[in-house]
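To start, the structure itself, in structure tokens.
The values are calculated or read from the model by the stated rules, or taken from the named source; none is laboratory data. Just so it is clear, the model here is predicted, and its values are computed rather than measured. All Cβ positions, even for glycine, are placed from backbone atoms using ideal geometry, and neighbour counts span all protein chains on display. Calculation scope for accessible area: heavy atoms of the full protein, side chains included, ligands and nucleic acids excluded. Shrake-Rupley method; radii C 1.70, N 1.55, O 1.52, S 1.80 Å.
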Amino acid sequence: MLRDCLIDLERHGHLRRIDAPVDAYLEAAAIHRRVFQAGGPALWFTNVAGCRFSMASNLFGTLERSRFLFRKTYDSVQRLIDLKIDPTRALRSPLRYAGAPISALRMLPRSVRTGPVLQHKTWLGQLPQLVSWPRDGGPFVTLPQVYTEDPHAPGLMRSNLGMYRIQLGGNDYEPDHEVGLHYQLHRSIGVHQAEARRLGRPFRVNTFVGGHPAMTLAAVMPLPEGMSELTFAGALAGRRIPMIRRREGLPIYADADFAICGTVVPGHEGAAGLPLMKPEGPFGDHLGYYSLRHPFPVLRVERVYHRHDAIWPFTVVGRPPQEDTAFGQLIHDLTGPVIPSVLPGVVGVNAVDAAGVHPLLLALGSERYMPFYDEARPQEVLTQASALLGQGQLSLAKFLWIADAGCWPDRAAALHDLHEVAPFLEAALRRADWTRDLHFHTRTTIDTLDYSGDSLNAGSKVVIAAAGPPRFELARQLDASGAELPEGFDEPRVVMPGVLAVRGPRLPAPSFDYDAVRRGDSSGPQAEADGLAAAESAGAADIRRLVDRLPLDHPACRFRLIVVADDPSFVAAKSGREGIGNFLWTAFTRANPAADLYGVGAFTDRKHWGCRGPLVIDARIKPHHAPAMEEDPEVSAKVEAMAASGGPLAGLF
């Protein structure tokens, strides 16, 4: 199980033990981040300060290591996916798919009477108290496998295994008895909880930590609703997943290192009413900002089990790339070929990790409707865009850029550019017509962790479509002559062909208390709320002044996209695998399309908005945004010192 996997990684040079004392409060996470960024090995912290359990991280830190973990089953899982796409392949290549029936049999979870996880009992306070960022609201489980069943049709094959963060303590939680259960939009656990409420039954939740790494990966797989993640885990683990049946309560994963079992606390109306809600968070999240305190359901913990040799696996999230980047690569590697079979006409998608995944989705579609017209324009790709925005977690996309794959010489070139990002955006910028090809979805849902919108879970989307031959030149430099910008805007920097960043007037900084102010409750003075509203209004007036005072023949208007930011040099700096990582992170995590997209020469025609000059994104930090994460300087210095020559972390980063 997990210990066996760690020993296997160590034997093959993919893991390093750290025997020096390391604190789960900030230190372990700071070490993890540095080792991940350095492309280093998995880590096994054998001496966790004040805790009797060891911890492990960075198991999935590279795609190569992830494939190594599953080297005995990876190919067989890919063959199962091939058959899912086209079952006739088994007839055409019977030898290649001869083992498929055995792999399929392993997908069936099995019921057992007991298992290693039940060897010992403990309580919440004895678990590793991992805190990753200084302003986190308490310790969190960062690699949980949260198990629920459909109350109307219970059973292993109708179960859901998801990764929803668990807050182990802090805030108003009763120590050792309550934990926070945080899950976002479009998660199957919500379907199960709604059904339990409809039936007036207790909503039970089991959280597993550790066990076979296949269970961790299964918990983040975007499987169709109603398909149990236990099936995928079994195929990837190479063995049927053993689940302990109990007279009362949900089954428990027999090979887990830890199991936290409990029931969501009902509110005053009982099981049929809304659950008891308590503030959860803040938590430094994968967009690179804190998700703030919000009311979420409370889990009343009844039992905590662990095996005798239990190890606590964890990850650390933050501004991409992080270890969850490798998760995304692995998921795409396995499931990317399925997309065209689920969404006809869609050739491929890329939820851009550098932009925080959900804020920016790139897609390749197919224009096949009107092959007899000389002048192509987006038509069928708009239909495909709607399908994408109605598909599971893809529906959380905020900026969807979709282009006809026919814009490239062949499909291989199109897919290459899709995942390189910058050449894809260049191709779209050469073709998208801002008077025609911007399509907004207003007052809709966005990712729970995205604070650029109107309120929690609420914001807007825009589809930017491109098809046909290139129509626009992309400026590569700004002519100095006549390039003076309106007052308050300066420091223009070229980000990439067709994209210019400029500095705009700075707005008030975000506050950890602003979420409460925005809700209008008693935790913030009305004067502060009024001040923030005035600041937001002034911010919008700044951008309107910019676009109103830029004539279409201004040198800046040779660029197709202008990004207004607090630090244009940062935005334009070469960064990330794509070379434009700072631009992707700044522009798409800090903008709400309906509120923050402007245009030079803007107009509205029959409720369609467009512009004749460049599109302008207001990507400044705004008062209602969440604060970005920063490390504790003292912890950073201590960790850096441990990496000095002869230190316990020497050679890791």
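Structure values in brief
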read-out: Dipole moment magnitude, nearest 20 debye, region 373-425 about Cα centre, only Lys, Arg, Asp, Glu C-beta charged; value: 280
read-out: Phe45 long-range amide H proximity, modeled H, under 5 Å; value: Ile18, Met55, Ala56, Ser57
read-out: Debye intensity ratio I(q)/I(0), log10, the chain, q values 0.09, 0.11 Å⁻¹ (C-alpha model); value: -0.80, -1.19
read-out: Value of relative contact order over the chain, rounded to a whole percent, pairs C-alpha under 8 Å and six or more apart; value: 13
read-out: Positive-end residue, the chain charge dipole about Cα centroid, Cβ charges, pick of Pro21, Pro510, Ala90; value: Ala90
read-out: Solvent-accessible heavy-atom area per residue, rounded to whole Å², over region 1-98 at 1.4 Å; value: 47
read-out: Additional length obtainable on full extension of the chain from Ala540 to Arg52, 0.36 nm per residue less Cα span; value: 170.3 nm
read-out: Of all accessible heavy-atom area on region 140-205, the percent that carbon and sulfur account for (1.4 Å); value: 49
read-out: Taking only Cα atoms of region 126-209, radius of gyration then Dmax in Å; value: 14.0, 43
read-out: Charge sum, other residues only, whose C-beta stays under 13 Å from Ala219's C-beta, Lys/Arg counted +1 and Asp/Glu -1; value: 0
read-out: Extreme residue, positive dipole direction of the chain, given options His608, Ser54, Leu584 (C-beta unit charges); value: Ser54
read-out: Solvent-free Debye scattering, log10 I(q)/I(0), computed from the Cα coordinates of region 601-649 at q = 0.26 Å⁻¹; value: -0.95
read-out: Rounded if a/c under 1.5, otherwise prolate or oblate - region 250-313, Cα gyration tensor axes; value: oblate
read-out: Distribution of pairwise C-alpha distances over region 320-398, 5 Å bins, in %; value: 3, 14, 23, 23, 16, 10, 6, 3, 1, 0
read-out: Value of Rg/Rh across region 554-636 [Cα atoms, Kirkwood radius]; value: 1.08
read-out: Apportionment of accessible area to carbon and sulfur, region 45-95, percent (1.4 Å); value: 54
read-out: Partners for Lys607 among lysines (Cα-Cα distance below 29 Å; same-chain residues under 8 apart left out); value: Lys398, Lys461, Lys622
read-out: Environment charge of Leu652, counting only residues whose C-beta is closer than 13 Å and scoring Lys/Arg +1, Asp/Glu -1; value: +3
read-out: Residue-level accessible surface for Trp434, protein heavy atoms, 1.4 Å, Å²; value: 0
read-out: Global geometry of region 189-322, whether rounded, prolate or oblate, following the gyration tensor of its Cα atoms and the 1.5 cut on a/c; value: oblate
read-out: Ser132, Ser341, ranked by accessible area, largest first (probe 1.4 Å); value: Ser341, Ser132
read-out: Computed helical MRE - 222 nm, the chain, DSSP H runs ≥ 4 contributing -39500 (n - 2.57), nearest 500; value: -8000 deg cm²/dmol
read-out: Dipole moment magnitude, nearest 20 debye, region 559-633 about Cα centre, only Lys, Arg, Asp, Glu C-beta charged; value: 560
read-out: Cα centre as origin, Lys/Arg/Asp/Glu Cβ charges: the chain dipole, Debye; value: 2160
read-out: Share antiparallel - DSSP beta bridges, region 1-154, percent rounded to 5; value: 35
read-out: Net charge over other residues, Cβ less than 14 angstrom from the Cβ of Pro21 (K, R count +1; D, E count -1); value: 0
read-out: Sequence-distant aspartates and glutamates (8 or more away, or on other chains) whose Cα lies within less than 20 Å of Lys278; value: Asp136, Asp172, Glu174, Asp176, Glu178, Glu269, Glu302, Asp513, Asp515, Asp521
